[in-house]
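Working notes, structure below.
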Amino acid sequence: MVNLVQLPAGKQGKVISIEGGTGLKNKLFNLGIREGVMIKKITGIFSHGPVVIKISQTEIALGRGMASKIFVEPV
């Protein structure tokens, strides 16, 4: 299990847990990010700035702090 920042670019992962408060979990839920969802990471590990992910056909940019609280199981 790794967080979204550690997941390599182009790899997919299944969201296992979100480590954060109710506000963070609600915000991510409204973006479609919740436990059990498959996510594909677009940006690389060493890029600076937001972490870009893809869920279905939607691309979402997350801050690195927020992305580091989303844990996935790489597939």
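Values in this text are rule-based calculations from the coordinates and carry no lab data. Note that the structure is a prediction, hence the values are computed from the model and not measured. Methodologically, a virtual Cβ is constructed for each residue, glycine included, from the backbone with ideal geometry; neighbour enumeration extends over all protein chains shown.
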Taking a ≥ b ≥ c as the square roots of the Cα gyration tensor eigenvalues, with a/c under 1.5 meaning rounded and otherwise prolate when a/b beats b/c or oblate if not, region 22-68 comes out oblate
The alpha-carbon center of region 50-75 and that of region 8-37 are separated, in whole Å, by 7
Total charge of the residues flanking T43 in space, meaning their Cβ is under 13 Å from its Cβ, with Lys and Arg +1 and Asp and Glu -1, is +4
For region 68-74, Karplus-derived ³J(HN,Hα) couplings (6.51, -1.76, 1.60; θ = phi - 60°; whole Hz; x for glycine and proline) come out as 6, 9, 9, 9, 10, 9, x
For K11, the residues 5 or more places away or on another chain with a placed amide H closer than 5 Å to its own amide H are K41
Charge tally for neighbours of P74 with beta carbon under 14 Å away, counting Lys, Arg as +1 and Asp, Glu as -1, is +3
So, relative contact order of the chain in percent, Cα under 8 Å, 6 or more apart, is 47
